[in-house]
Every structure is written in C-alpha cells, then in structure tokens.
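Please treat every number below as a calculation from the coordinates, not as lab data. All values reported here derive from a predicted model rather than from experimental measurement. In this analysis, Cβ positions are derived from the backbone assuming ideal geometry, glycine residues included, and neighbour counts consider all displayed protein chains.
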Amino acid sequence: MIRFENVHKAFGSNRVLRGVNLHIPKGESMVIIGGSGTGKSVALKSVLGLVKPDSGTIFVDGKDASEGDHDAFLARFGMLFQGGALFDSLPVWQNVAFRLLRGSLKRPTEEARAIAVEKLRRVGLKEEVADRYPAELSGGMQKRVGLARAIAAEPEIIFFDEPTTGLDPIMSGVINELIREIVVEMGATAMTITHDMSSVRAIADKVAMLHDGVIQWTGPVAKMDDSGDPYVAQFISGSAEGPIEAVR
Amino acid sequence: MSRVLSPIAALGALTLSALAALGRLAIFTGQTFAHMIRPPFYIKEFGAALMNVGYFSLPVIGLTTLFTGGALALQIYAGGARFSAEAVVPQIVAIGIVRELGPVMVGLMIAARVTSSIAAEIATMKVTEQLDALVTLSTHPMKYLTVPRVLAGIIVVPMLVAVGNIIGIMGGWAVAVGTLDFNSATYLQNTADFLETSDIISSLAKGAVNGGIATLMGCYYGMNSGRGAMGVGRATKGSVEAAAVLILAANFVLTGIFFSS
C-alpha cells in the first residue's frame with residue numbers, strides 16, 4: 001500500500017534520508033524504530049507532503065504520493081501527532097470533528113458532534129470532555145483526543161508519531177492497547193514511529209530499523225529479538241556499545 | 001586583499017539577504033491575495049478575526065486617539081499663541097488627526113495589539129505542529145489562518161480609523177472647550193467646514209493599507225517562525241518591528257500620493 005523507493009532528503013549539509021526503501025502492505029501495522037534525529041519523522045511526513053523528498057518516490061496504492069488531488073489524498077489519512085497538536089482555540093469536540101465540520105467530508109453540526117462524542121467514548125473519554133478546551137486536559141487525555149481526531153473520519157491509513165512520548169508507563173500501555181485495538185477493528189494500515197520498545201511490541205506487525213538514513217533491518221515483530229542485526233540488537237538492549245554511536 | 005574586500009562582501013551578503021526576504025514577503029503577499037479569491041472560504045474564522053482585530057481593539061484605539069487629540073489641541077494652542085493664531089486649533093486638530101495621526105496611531109496600536117498576537121499565536125501553532133495538523137486535515141493553513149485575518153484587517157481597520165478620528169477630534173474639542181475657552185458649537189462648525197472629502201478618503205485608505213500590513217506581518221512572521229520559545233519570541237518581535245516600520249513608510253508614500261499636488 002505504501003512504498004518508499006530510494007527516498008533521499010537533506011536539510012543543508014545534514015543528509016537525513018539516504019535512500020530509504022520500505023514497503024507497508026495494506027492492513028499491516030509497521031513500526032519504524034530508530035534513535036532521535038535519525039529521520040523517522042521526516043520519513044513519515046514525506047508521505048503526507050509535509051516534507052518534500054529531494055529524490056526518490058513514495059507510492060500509495062501504486063500512485064506517486066506527490067501527484068494528483070492532494071486534498072482527496074489526505075482525506076485517506078489520519079494522524080496522531082507527538083504532542084497532540086490539538087487546536088487550542090477550539091473545544092475538544094470541534095478538534096475531533098475538525099474534518100467533519102469543513103471541506104469535502106462536511107456534515108451537519110449535530111451529526112459531526114455526535115460522531116466526535118462517539119469517537120471520544122471509543123478512546124475512553126466521557127462526553128463531559130467534549131466541551132472542554134485542550135489546555136484543560138492532562139497529557140494522557142490530550143493523546144486520547146488526538147487519537148479520536150485521527151480516527152474521526154474513518155481513515156484507511158493512520159500514522160502515529162511517538163504516541164507514548166511524555167506519558168507514564170501505565171498510560172503508555174493504555175494508549176498502546178487502544179492503538180492496537182483501533183487499528184485492528186478498523187482494518188487500517190498503520191505506520192508508527194517510536195523509540196519506545198513497549199509500543200513496538202504492542203502495536204507492530206512488522207518493524208523497520210532506521211539508522212544512518214537507511215532501513216537497516218525490517219521483519220516481523222516476533223523475529224525482532226533474534227534478528228541478528230547489530231543495530232536492532234543494540235537498540236533493543238539500550239546498550240551504549242555497538243554500531244550505533246552513543247554520544248556521552 | 002581579503003581585508004579590503006570583506007566589507008564589500010558583507011554588504012553584498014546583506015543586500016542579497018534583504019532582497020531574498022523581500023522576495024519571500026512578496027510571494028507570501030501574492031499567495032494570500034490569490035487564496036482570498038479561491039474557495040473554500042472560512043466564514044467563521046473571518047467573523048472571529050473581525051471581532052479580534054476590530055471590536056476588541058476599540059478600547060485601546062479610543063483611549064489612544066482621545067489623548068492624542070487632547071494633546072494636539074494643547075500644542076497647537078500653545079504654538080499658535082506665538083503668532084496670534086490660537087483660533088486655528090479646530091482646523092489643525094481636524095486635519096492633523098484625520099490626515100495623519102488617526103490612521104498612523106490606529107495602525108501602530110493595531111501593530112502592537114493585533115500583529116503581535118497573530119504572530120505569537122501562529123508561531124506557537126507552528127512550534128506545536130498545529131500547522132502540520134491542519135495540512136493533514138486537508139485544510140490549507142494560509143486559507144484558514146492568513147486569509148481571514150488579513151481580510152479582516154483590510155476591512156475593519158478603516159472603520160477603526162473612522163472611529164479613532166471622531167474620538168481624536170472630540171478629544172481636541174473637550175480640551176479646547178474645557179480648558180481653552182473655545183465655544184463648543186463654533187469649534188465643531190469650524191471642524192466640519194474645514195475637512196474635505198479627500199481628507200476622509202485618504203484617511204480610510206491609509207487605514208485599509210495599515211490593516212493589511214499589520215495582519216500580513218503577523219501571519220508572515222508566525223508562519224516563518226523558528227523553533228521553540230525563542231523562535232516564537234523572535235517572530236513576535238520581528239512582526240511588530242516590521243509592521244510599525246512598514247506602516248510609517250506606507251503612510252509617507254500615501255501622503256505623497258494623496259497630497260503632493
């Protein structure tokens with residue numbers, strides 16, 4: 001469904017992506033792991049057109065992601081941002097129903113609100129939260145609202161950018177379980193970037209290790225611990241010794 | 001040789017940097033106006049921008065122009081007394097406020113109040129990935145954020161200038177009648193007789209230009225903000241500086257266009 005073919009991206013002299021090749025089949029949950037600053041977010045944002053690759057192509061359903069009707073293309077996606085990226089000026093329900101209140105997917109206000117409340121319930125939030133503003137919510141609740149917004153328009157593809165960053169271990173576990181449940185019940189294709197190994201084990205069907213601008217290893221999550229790849233082994237163990245240079 | 005050439009190289013680099021910045025601003029302005037005439041239009045956001053730029057600016061505009069008009073009356077009376085021209089206070093207050101001080105003071109107050117808040121808000125949205133979130137939700141940030149604010153600025157700031165002009169003139173009237181022993185009816189009659197339609201048109205035109213500049217600078221600096229709190233701070237500071245300088249420069253150019261003949 002999503003295919004990266006030799007994707008390169010540099011910011012000035014910093015060559016972040018140096019020929020990424022990766023295939024995510026339809027309905028599969030792919031988790032990209034890698035250290036901070038290795039280009040995981042850049043890879044994810046390249047699919048959505050938020051970052052334009054210098055060379056190489058990203059295909060979605062066999063079509064070049066950079067061509068065609070971009071609005072219609074984006075309507076197929078939902079995304080949970082690292083910090084939630086909720087709109088401060090809008091109440092929670094309008095954040096969740098944002099796409100349903102304007103544009104090609106516009107619904108009557110009452111219907112959009114009802115869908116928003118239903119999605120909030122799906123992520124474990126009560127209706128009372130709907131009329132609050134994002135700043136009035138805890139970090140975990142904001143993640144849930146972000147998740148509700150990501151699934152509000154029933155997207156075919158969902159991206160999760162560091163879904164558990166900033167959360168305590170218990171809340172991380174709750175969010176991981178929610179993500180897994182929602183991806184399975186929607187039958188969506190998912191792409192997650194994280195360096196939280198508990199997220200990887202909870203969310204992934206397949207794992208890809210990004211380092212030095214290329215995918216070092218990819219395979220099923222069950223084979224991750226016995227991958228034989230030194231990068232993956234070091235990343236899982238969290239060791240300072242290995243091929244991944246650790247700055248002390 | 002390099003020591004001789006380094007100041008020239010620095011000047012060249014500065015010139016190129018300034019031209020590049022001018023080019024980026026020109027492209028941003030062009031894109032804003034291009035988006036204004038192409039759907040979708042976000043009416044609710046436009047309404048909110050009208051309220052923020054216009055209605056909620058009324059108190060600061062009213063107080064600023066009131067005190068400016070009062071001070072102007074005192075200055076003209078004191079200065080005019082040197083050559084027995086105290087009687088011209090109503091006329092000079094009217095022309096001073098309507099032609100120059102009204103639009104400039106309103107423009108600068110809008111730069112202080114609105115430009116800064118727009119820049120800080122949009123820059124924070126950029127830093128917290130809210131602009132990226134807008135894109136992923138099939139909403140163009142320029143259409144959703146820039147167009148409503150700039151359009152509101154162009155439409156509502158002339159109205160603020162009109163209100164500011166009236167309050168400024170009344171500030172002069174209050175001082176003249178209250179402390180300088182002017183006759184109230186004569187003062188108002190002299191003001192009305194002296195002002196011409198072209199004065200009012202130039203005042204409102206300056207208001208529209210100032211409103212456009214103030215809101216555009218807020219959006220431009222916000223959208224192009226750097227990362228973190230420092231990025232937001234720099235964007236906010238830069239937007240107010242740029243708006244204030246451009247408003248004064250535009251005022252000079254427009255005064256030349258309207259009144260040079």
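Evaluate E = 1/(1 + (r/R0)^6) for A:ARG121 and B:THR186, where r is the Cβ-Cβ distance and R0 equals 51 Å; express this FRET efficiency to the nearest 0.05. Rounded to the nearest 0.05, the efficiency is 0.10.
Helix B:228-259 axis versus longest C-alpha principal axis of chain B: approximately 50°, rounded to the nearest ten.
With contributions of -39500 (n - 2.57) from each DSSP H run of at least four residues, the per-residue ellipticity at 222 nm computed over chain A stands at -9500 deg cm²/dmol. Using the Cα gyration tensor of the stretch B:1-141, with a ≥ b ≥ c the square roots of its eigenvalues, what is the shape: rounded (a/c below 1.5), prolate (a/b larger than b/c) or oblate (neither)? In terms of gyration-tensor shape, oblate. Using the Cβ-Cβ distance between B:ALA249 and B:ILE27 with R0 = 22 Å, the FRET efficiency computed as 1/(1 + (r/R0)^6) comes to roughly 0.65.
Give the cross-link partners of A:LYS119 among the aspartates and glutamates, using a straight C-alpha distance below 18 Å as the criterion and excluding same-chain residues fewer than 8 apart. Of all the aspartates and glutamates, those that pass the test against A:LYS119 - Cα under 18 Å, at least 8 places apart if same chain - are A:GLU110, A:GLU111, A:GLU127, A:GLU128, A:ASP131, A:GLU154, A:GLU156, A:GLU177, A:GLU181, A:GLU185. Overall, the anisotropy analysis places the stretch A:142-248 in the prolate class: the square-rooted eigenvalues a ≥ b ≥ c of its C-alpha gyration tensor yield a/c not less than 1.5, with a/b exceeding b/c. Using Cα-Cα distances under 8 Å and only pairs 6 or more residues apart, what relative contact order does the stretch A:87-154 have, in percent? Rounded, it is 44 percent for the stretch A:87-154.
What net charge do the residues around A:VAL117 carry, taking every other residue with its C-beta under 12 Å from that of A:VAL117, with Lys and Arg at +1 and Asp and Glu at -1? Summing Lys and Arg as +1 and Asp and Glu as -1 gives -1. The amide H of A:GLU28, built 1.01 Å from its N in the peptide plane, has A:ALA190 as neighbours under 5 Å, considering only residues 5 or more places off or on other chains.
For chain B, averaging the sequence separation of C-alpha pairs within contact (under 8 Å, six or more residues apart) and dividing by the residue count gives a relative contact order of 30 percent. Distance between the modelled labels on A:GLU128 and A:LEU90, one decimal in nanometres: 2.5 nm (7 Å Cα→Cβ projection). Taking Cα atoms only, the orientation of helix B:197-223 departs from the longest principal axis of chain B by about 30 degrees.
Subtracting the Cα-Cα distance of A:PHE11 and A:MET186 from their residue separation scaled by 0.36 nm leaves 59.4 nm. Of all aspartates and glutamates in the structure, those lying under 15 Å Cα to Cα from A:LYS126, and not within fewer than 8 positions of it along the same chain, are A:GLU118, A:GLU136. Near A:GLN216, the amide H atoms lying under 5 Å from its own belong to A:MET209, A:LEU210, A:HIS211; only residues 5 or more places off or on other chains count, and H is placed 1.01 Å from N. Determine the sum of side-chain charges near B:TYR42: Lys and Arg each +1, Asp and Glu each -1, restricted to other residues whose C-beta is under 11 angstrom from that of B:TYR42. Around B:TYR42, the surrounding residues sum to +3.
Please tell me the relative contact order of chain A in percent, rounded to the nearest whole number, where contacts are Cα pairs under 8 Å and at least six residues apart. Taking the mean separation of contacting Cα pairs over the length of chain A, I get 25 percent.
In this structure, the residue pairs whose Cα-Cα separation is over 20 Å, taken from A:LYS52/A:LYS143; A:LYS40/A:LYS206; A:LYS45/B:LYS44, are A:LYS52/A:LYS143; A:LYS45/B:LYS44.
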